[in-house]
1. Take the conditions modelled with pLDDT under 95, crowded, with 18+ Cβ neighbours inside 10 Å and small (Gly, Ala, Ser) and apply them to residue 22. Does it pass?
2. Would you tally the residues in the range 86-120 being part of a strand (DSSP E or B) and surrounded by 12 or more Cβ atoms within 10 Å (Cβ to Cβ)?
3. So which residues in the range 88-101 are at pLDDT 95 or above and of a type outside the set (D, E, K, R), if there are any at all?
4. Could you check residue 65 against (1) at pLDDT 95 or above; (2) surrounded by fewer than 18 Cβ atoms within 10 Å (Cβ to Cβ); (3) not hydroxyl-bearing (Ser, Thr, Tyr) and say which number it fails?
5. Would you check if residue 45 is of a type in the set (Val, Ile, Thr), at pLDDT 90 or above and either open to solvent by 60 Å² or more (accessible area, probe 1.4 Å) or touching a Pro at 6+ places or on another chain (Cβ under 9 Å) (or both)?
6. Please state which of the following conditions residue 80 fails to meet, knowing it meets all the rest: (1) open to solvent by 60 Å² or more (accessible area, probe 1.4 Å); (2) over 12 Å from residue 41 (Cα atoms).
7. Taking residue 123 as the residue in question, decide whether it is open to solvent by less than 70 Å² (accessible area, probe 1.4 Å), in a strand (DSSP E or B) and of a type in the set (Ser, Thr, Tyr).
8. Would you mind stating whether residue 42 is in contact (Cβ under 8 Å) with a residue 12 or more places away in the chain and over 22 Å from residue 121 (Cβ atoms)?
Amino acid sequence: MRGRMRWAGPAALLALLGAALAARLPAAQVGLRPSFGGAVLEGRILARVDDELTGVWSGQGRARLLKCTPRCEGVSTIPVPGTLLVNADTPYRIAVAGEFRAGQHVKITLRFRDMQLLNVDATVARP
């Protein structure tokens, strides 16, 4: 059996998944909603309770991180309290510049405080 890998089974897979969840590796389910001059990222971002989102990029370039209470202002980081919901109605928003078509798939890169990167696919919704 030398040189062959053996499948460890579902128990080993669950243990690996449990370790990833315990380490609270970032994860995200996001989409894009077209808006004036680009799109707004909407969805859910999961990370450690004390983490921060420090940057977001698409093929069009760097997105703007915004704090919109009471008015939208650019910020350098967005706190992630374990689960961060983002959309056009939340206090923190992410504006992605560019032209987008409904149904288009866009690669989005999220960077967190500890320089950890997360690449996700976002589908552009209908306006």
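1. no
2. The total comes to 15.
3. 90, 91, 92, 94, 95, 96
4. Unmet condition: (2).
5. Yes: the conditions hold for residue 45.
6. Here residue 80 clears every test but (1).
7. yes
8. So residue 42 fails the test.
The values are calculated or read from the model by the stated rules, or taken from the named source; none is laboratory data. These numbers come from a predicted model, not from an experiment. Here Cβ is always computed from backbone atoms with ideal geometry, including for glycine, and neighbour counts include all displayed protein chains. These accessible areas exclude ligands, DNA and RNA; they are computed on the full protein's heavy atoms, side chains included. Shrake-Rupley method; radii C 1.70, N 1.55, O 1.52, S 1.80 Å.
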